[in-house]
Amino acid sequence: MTNKVLAVVDGREITQDDLYELLQSIGQNAGNFQNEEGRKQLVNELVMQELLYSDALAHGLEKDAEFTSALERMQRTLLKQYALNKLLTSIQITDEEAAAYFESHKSLFKKPETASASHILVPTEAEASSILDEINAGLDFKEAAGKYSNCPSKAEGGSLGEFTRGRMVPEFDKVVFTMKDGEITGPVKTQFGYHLIKLDHISQEDIPSLSEVEAQVKEQCLLTKRQALYLNKQEELQKRYTVEIK
């Protein structure tokens, strides 16, 4: 795709890429400049920047001590960042390394035990017991949740989705992870009221296969290798150059 020239100022071209970079720097407000009028405003801004550059050169501002000092600081900062990036991006992860890392760190990728459950929340134990009687007599749990529950989950038939241990209040958590698939129990008292709980399914703690978490394994392995490289480089450089911390 051609990098279209949008303007020429004092012999220097302003291109479509320059306009795109300026749009990127604007961030969330970039949408305000997507129309033709906004585009003209941005091009005018780029033209003004180039005019200021020409005027600065004409007045020798690049020789000002304040500018040269700021430029030196900026160059040092950029060189530090470039050196660090060059160091860290030199690391690559092979499939063999990823497999070996996974074998020795399987616990890092363990899938925790989860429960998938629904509930009905009401203010009193008597009301919960009455609803449970209706369910035992044939009323569908989802229908009962939509009809009686005080929890916003009633719109989803009382469904709480899938959750791990510790996500729910302790009284609820303690009961739900001892239930069997398809079981309905209650009333269970918590700070929110009285719950009837239906367990849909318990997924046991599990170690996934490498293929399931390969991207995650490679990322973690990469971070570990980079950290080791960084620390080794730090030790090497501290031996090579003097360091005095005060």
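The values are calculated or read from the model by the stated rules, or taken from the named source; none is laboratory data. These numbers come from a predicted model, not from an experiment. Neighbour counts run over all protein chains shown; Cβ positions are idealised from the backbone, glycine included.
If we scan the stretch 216-230, do we find a residue that is exposed (fewer than 11 other Cβ atoms within 10 Å of the Cβ), modelled with pLDDT of 95 or more, assigned by TED's automatic domain parsing to the domain that holds residue 91 and assigned to a helix (DSSP H, G or I)?
no
Assess whether residue 205 counts as being in contact with a Leu (Cβ under 6 Å, 6 or more places away or on another chain) and either without any contact (Cβ under 8 Å) to a residue 60 or more places away in the chain or of a type outside the set (Lys, Arg) (or both).
Judged against the criteria, residue 205 is not a match.
Of (1) within 30 Å of residue 233 (Cα to Cα); (2) touching a residue at least 12 places away in the same chain (Cβ under 8 Å); (3) exposed (fewer than 13 other Cβ atoms within 10 Å of the Cβ), residue 87 satisfies all except one. Which?
Residue 87 satisfies all of (1) within 30 Å of residue 233 (Cα to Cα); (2) touching a residue at least 12 places away in the same chain (Cβ under 8 Å); (3) exposed (fewer than 13 other Cβ atoms within 10 Å of the Cβ) except (3).
Are any residues in the stretch 107-127 hydrophobic (A, V, I, L, M, F, W, C) and either within 25 Å of residue 164 (Cα to Cα) or not assigned by TED's automatic domain parsing to the domain that holds residue 193 (or both), and if so, which ones?
Correct list: 108, 109, 115, 117, 120, 121, 122.
Mind counting the residues in the stretch 130-151 that are loosely packed, with under 15 Cβ neighbours inside 10 Å, in a helix (DSSP H, G or I) and among the small types (Gly, Ala, Ser)?
Going through the stretch 130-151 one residue at a time, the tally reaches 1.
Has the stretch 27-50 got at least one residue that is at pLDDT 95 or above, part of a helix (DSSP H, G or I) and within 30 Å of residue 225 (Cβ to Cβ)?
no
Looking at 163, 102, which is the one that is within 29 Å of residue 202 (Cα to Cα) and either acidic (Asp, Glu) or outside the structural domain of residue 198 (by TED's automatic domain parsing) (or both)?
Selected residue: 102, the only one of 163, 102 that is within 29 Å of residue 202 (Cα to Cα) and either acidic (Asp, Glu) or outside the structural domain of residue 198 (by TED's automatic domain parsing) (or both).
Exactly one condition in (1) surrounded by fewer than 13 Cβ atoms within 10 Å (Cβ to Cβ); (2) at pLDDT below 95 is not met by residue 165; state its number.
Answer for residue 165: the failing condition is (1).
(1) assigned by TED's automatic domain parsing to the domain that holds residue 85; (2) touching a Ser or Thr at 6+ places or on another chain (Cβ under 8 Å): which one isn't true of residue 175, the others all being true?
Looking at each condition in turn, residue 175 falls short on (1).
Select from the stretch 152-178 the residues that are in a helix (DSSP H, G or I) and of a type in the set (Ser, Thr, Tyr) and list them in ascending order.
Result: 153, single match.
Output the residues belonging to the stretch 1-57 that are without any contact (Cβ under 8 Å) to a residue 40 or more places away in the chain and of a type in the set (Val, Ile, Thr).
Answer for the stretch 1-57, where residues must be without any contact (Cβ under 8 Å) to a residue 40 or more places away in the chain and of a type in the set (Val, Ile, Thr): 2, 5, 8, 14, 15, 26, 43.
On the basis of being surrounded by 13 or more Cβ atoms within 10 Å (Cβ to Cβ) and closer than 20 Å to residue 226 by Cα, does residue 109 make the cut?
Yes: the conditions hold for residue 109.
Residue 233 versus (1) free of Cβ contacts under 8 Å to residues at least 24 places away in the same chain; (2) over 23 Å from residue 102 (Cα atoms); (3) not small (Gly, Ala, Ser): which is the lone unmet condition?
(1)
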